[in-house]
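Here the structure is laid out as C-alpha cells; the discussion comes afterwards.
The values are calculated or read from the model by the stated rules, or taken from the named source; none is laboratory data. If you're wondering where the values come from, they're calculated on a predicted model, not measured in any experiment. Every residue, glycine as well, gets a Cβ built from its backbone with ideal geometry; the counts of neighbours run over all protein chains shown.
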Amino acid sequence: MTFFRVSGLGIIGPGISNRADLNEFLSRKHTGAMATTEIGTPEIINPRERRRTSPTVRLALGAASQAVRESECTPNDLPMVFASSLGDGSILNELLEVLADPARHVSPTRFHNSVHNSALAYWSIGTQNRLAGTSLAAHDCTFGAAILKSIAQLLTEQRALLLVVYDHPFPAPLDRARPLLAPFAAAFVLSPPELGNGIDVCLSLVSGSASLPTPPQLECLNELWKWNPAARALPFVEALVQGWRTHVDVMFQRERTLRLEVCP
Amino acid sequence: MDPLALSAFTVTSALGRGLAPTLDALLAERSGLRQCDFAGLSLDTWIGRIDGVEDEPIAGTLSTYDCRNNRLARIALRQDGFENAVAAAAARYGTERIAVILGTTTSGVLAGEEAFANRDPASGYLPANFLHSGTVDHYSLTDFVARQLGLHGPAFTVSTACSSSAKVFGDAAELLHAGFCDAAVVGGADSLCKMALRGFTSLELVSRRPCRPNDATRDGISIGEAAGFVLLERASAAPPNAIRLLGCGNSCDAYHMSSPDPDGRGAALAIRAALADAGISPQDIDYVHQHGTGTQLNDRIEDAAIASVISTQTPCSSTKGWTGHTLGAAGVTNAVLAALFLAQGLLPRNLHLDQSDPTLQCQIQQQTQRRSIRYVLSNAFGFGGSNCCLVLGITP
C-alpha cells in the first residue's frame, strides 16, 4: 500500500480539451459517436519551434501544461516522466517510407525528432527544466507501468513530479498493424502525500493473475480505452474528476493489475 | 541510493559474445570495427557488427518476436551464466518479484524497414506477416526478454536515445526502494538498421574511418550494436565482494534536440547527481568510463564536464573505438565494461588515440594499466539532452 497525491490534472481526447469538458461529459452521461481530438498549440512551445513540433509532441505538451497550471507548481521544478506506446508514430512512418528508397534523402530534423524522448525534450527545452526526465513504453500497459515508475521515483526522491501519458495513431500503412483510433493524452502532477494540495490515492499491486481492468464510465470512449494505450488512463482520470471514493484497476504488465484507490 | 549488487552481468558486442572474448579483445587491443558491410548499404563508414545474428532466428513459442534486436538480446542472455543466475533469483524471490527494465532506441525497426520495402504495390499495405508489436514496437525487447526468462514483475522499456540503457539502473533502484520488486533485470539492446546508419549520416555525425574518441582528428562516430544485461539485487543479498551500483544521476540539457549544451552544464549536473546519490566525493572516483562518442563537440563537452566536477587528473577513456557507438545499448555496454574493469583491476586505453587533442583537459589513458580500482563513473548522454551517469564500485 503506497499513498500519493494528485495535485494537477490535464486531459486531451476526442471532444475533450480539458478536465471541464470531461466533467461535463460525465455529468450528462454523454453518449453518441466519438468526436475528433482537437490538438492545440501549447504556449510552452516558442514560436520558432512551433513549425517543427509534430501533433504528437503538441498533444503531450498540451496535457502537461494543463496539469502543471492546475498544480500551481513551477514547470522547471518538476522531474519528468513521459510515457507513450508509439512515441512519434507519424515520423516513424515517414522515415520508413523514405528508407524503403535508397535514393531518397533522410531529413536530419525528422531523424532527430524520431527519438521516443522528443516530447520530453521539447518540454524540458520549453520550460528550461534540467531535472531528471525519462521516456518509457510498455505497449498496452504503458500507463500502468508509468504510474508504477512515477510512484517509485516519488517515494525515493520525496518530491513532486510530472507524469505525461500520450499516444497519437499511426498514419497509413502502419495504422493497420497497430490501430489506435484517436489521439489521447493525460497528465498528472503527483506529490508525496504530505506535500501539496489535491486528491489522495492509494496504490497497491495485485498479486497472482490479474483482475479485469476497470473500463471507462463513458461508454462512447470504451473502444478508445481498448485500443489507445494512453487512454488506459481514462478511468483513473474520470475518478479524479468526479472526486468520489472509488477504485480503478489498471494493467501494469501483460498479466497483472495494480489498484488505484481514490480517497478524496 | 541503497547500494545494489550486480549479481550477474554480461555484454555481447562487436568485441564478442560475453565477457571472456570481450576481455581478450581489450587486452589484445583488437577493435571490433569493420568497414560497413550491413544490409547492402553502400555507406563509407565503419561499423561494429555482431557476426552470425542473421543465422539464429527465434523459433517456437516466441517466434512472433523474431527480429535482429531480439535475436541479439537472446544471444546475450545465453552468455556468462546469466539465465541461470536469473532462474536462481526467481527461485528465491518468485517470478512476480523480479522487474525487467530495458533500454532501446530503435527496437526491431529493421523488420519495419523490410516490411516497407515489400509493400503491396496496388494497396500500399504492408505484408500480412508483418508483426509490429513483436518487432518495431519499443516494448518488444522487454516483453521478449521477460517471456524468455519467465519473469512477471514490473516491465517497461526506457527510450531516451543514447542514455536509455543507463537510466534503467536508476529505475530498478527506485522500484526496489519502493518495494515493488526484490530484484531487477536491467540493460538493453540496439541493433544495426538503416534508420540509424542513414539517419546519423544525414546529421553528418558519422566518421569515414574507425571512430577516434578524444583524438585531435576525431570526426564522428562508428555505429555499433550490442546487448547487455545485469541482474540487480539488494547488496545485502549478495557476497561482500560483488560489484555494486552505488549511484545514478540524471539530468536534461534543456538546450536542443540533437546538439548538446555547448557548456556541458547538463552533463555536469548528471555527474554531480550521481556522486551525491552514491554519497562519495569527486576525488573518490578512480576512473571515468566516458561516453566518448568521437564527435568534436561531444568529446569536448564531456571533457569540460569531467574537468569541472571530477578533476583533470582522474584517468579517463572511451571504449567506442572497440565497440562502436551502440546507441540505446551504450549505457549498459559502458556499465558492464566498467564492472569488468573493477573486477579485473583494469584501466583500458583509449583506442585509436594517435594525436592527443591539446584543447582537452582530462587525463586520457594512453596505455592499458592493471591496478586495483574502487570507484568508476560511467557516462551516457543522448539526443534531446538526456544525460545519465552511474557510479559503480567494489569493496577491495
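Look at the range A:114-130: where a residue is more than 8 Å from chain B (Cβ to nearest Cβ) and a partner is assigned to a loop (DSSP other than H, G, I, E, B), sitting 6+ places away or on another chain with Cβ atoms under 6 Å, you get A:Gly126/A:Ile44; A:Gly126/A:Ile45. If you go through the range B:105-134 and keep only what is over 21 Å from the mean Cα position of the chain (by Cα), more than 7 Å from chain A (Cβ to nearest Cβ) and part of a loop (DSSP other than H, G, I, E, B), you end up with B:Asn118, B:Asp120, B:Pro121, B:Ala122, B:Ser123, B:Pro127, B:Ala128, B:Asn129, B:Leu131, B:Gly134.
Of these, B:Leu390, B:Leu353, which one is in contact (Cβ under 8 Å) with a residue 12 or more places away in the chain and either under 24 Å from B:Arg212 (Cβ atoms) or of a type in the set (D, E, K, R) (or both)? Lay out the reasoning, then the answer.
On the way: B:Leu390 fails: either under 24 Å from B:Arg212 (Cβ atoms) or of a type in the set (D, E, K, R) (or both).
The conditions single out B:Leu353.
Within the range B:182-204, if we keep just the residues that are within 9 Å of chain A (Cβ to nearest Cβ) and not in a helix (DSSP H, G or I), the residue that is farthest from B:Gly328 (Cα to Cα) turns out to be B:Glu204. Hey, can you tell me all the residues within the range B:127-160 that are in contact with a helix residue (DSSP H, G or I) (Cβ under 7 Å, 6 or more places away or on another chain) and farther than 22 Å from A:Asn228 by Cα? Matches in the range B:127-160: B:Pro127, B:Val145, B:Arg147, B:Gln148, B:Leu149, B:Gly150, B:Leu151, B:His152, B:Gly153.
Scanning the range A:46-83 for residues that are polar (S, T, N, Q), more than 15 Å from A:Leu9 (Cβ to Cβ) and not in a loop (DSSP other than H, G, I, E, B) turns up A:Thr56, A:Asn76.
Against the list (1) buried (at least 22 other Cβ atoms within 10 Å of the Cβ); (2) facing chain B (nearest Cβ under 8 Å); (3) touching a helix residue (DSSP H, G or I) at 6+ places or on another chain (Cβ under 6 Å), the condition A:Ala100 fails is (1).
The residues of the range B:242-274 that are touching a Ser or Thr at 6+ places or on another chain (Cβ under 7 Å) and under 23 Å from B:Asp2 (Cα atoms), listed by number, are B:Ala242, B:Ala268, B:Leu269, B:Ala270, B:Ala273.
Step by step: first the residues of the range B:242-256, then only those that are in a loop (DSSP other than H, G, I, E, B) and within 12 Å of another protein chain (Cβ to nearest Cβ), then the one that is surrounded by the fewest Cβ atoms within 10 Å (Cβ to Cβ). Which residue is that? Walk me through it before giving the result.
From the range B:242-256, those in a loop (DSSP other than H, G, I, E, B) are B:242-243, B:253-256; that's our starting set.
Okay, now just the ones that are also within 12 Å of another protein chain (Cβ to nearest Cβ), so B:253-256.
Numbers: B:Asp253: 29, B:Ala254: 22, B:Tyr255: 19, B:His256: 15.
Filtering the range B:242-256 for residues that are in a loop (DSSP other than H, G, I, E, B) and within 12 Å of another protein chain (Cβ to nearest Cβ), the one surrounded by the fewest Cβ atoms within 10 Å (Cβ to Cβ) comes out as B:His256.
When residues in the range B:27-62 are screened for being more than 29 Å from B:Gly134 (Cβ to Cβ) and of a type in the set (A, V, I, L, M, F, W, C), 4 of them pass.
Mind telling me which of the residues B:Gly292, B:Gly266 ends up being of a type outside the set (Asp, Glu), in contact (Cβ under 8 Å) with a residue 60 or more places away in the chain and under 29 Å from B:Leu33 (Cα atoms)? So that I can check it myself, show each step before the final result.
Values: B:Gly266 fails: under 29 Å from B:Leu33 (Cα atoms).
Every option except B:Gly292 fails the conditions.
The criterion of at least 2 residues that are in contact (Cβ under 8 Å) with a residue 40 or more places away in the chain and more than 14 Å from chain B (Cβ to nearest Cβ) is met, among helices (runs of 4 or more DSSP H) falling completely within the range A:138-252, by A:222-227, A:234-242. Scanning the range B:148-172 for residues that are within 9 Å of chain A (Cβ to nearest Cβ) and surrounded by fewer than 24 Cβ atoms within 10 Å (Cβ to Cβ) yields a single hit, B:His152.
Of all the numbered requirements in (1) small (Gly, Ala, Ser); (2) under 30 Å from A:Phe82 (Cα atoms); (3) modelled with pLDDT of 95 or more, B:Ser311 misses one, and that requirement is (2). Only one of the numbered conditions (1) touching a strand residue (DSSP E or B) at 6+ places or on another chain (Cβ under 8 Å); (2) more than 9 Å from chain B (Cβ to nearest Cβ) is violated by A:Glu94, and that is (1).
Of these, B:Asp143, B:Asp137, which one is of a type outside the set (Gly, Ala, Ser), in a loop (DSSP other than H, G, I, E, B) and touching a His at 6+ places or on another chain (Cβ under 9 Å)? Full working, then the answer.
Numbers: B:Asp143 fails: in a loop (DSSP other than H, G, I, E, B).
Just one listed residue meets the conditions, B:Asp137.
Criterion applied to B:Ala307, B:Ala227 was being small (Gly, Ala, Ser) and part of a helix (DSSP H, G or I), and the one residue passing it is B:Ala307.
Among the residues of the range A:50-97, the ones that are on the phi > 0 side of the Ramachandran plot and either of a type in the set (Asp, Glu) or surrounded by fewer than 20 Cβ atoms within 10 Å (Cβ to Cβ) (or both) come to 1 in all.
Out of the range A:1-45, which residues are among the small types (Gly, Ala, Ser) and in a strand (DSSP E or B)? Matches in the range A:1-45: A:Ser7, A:Gly8, A:Gly10, A:Gly13.
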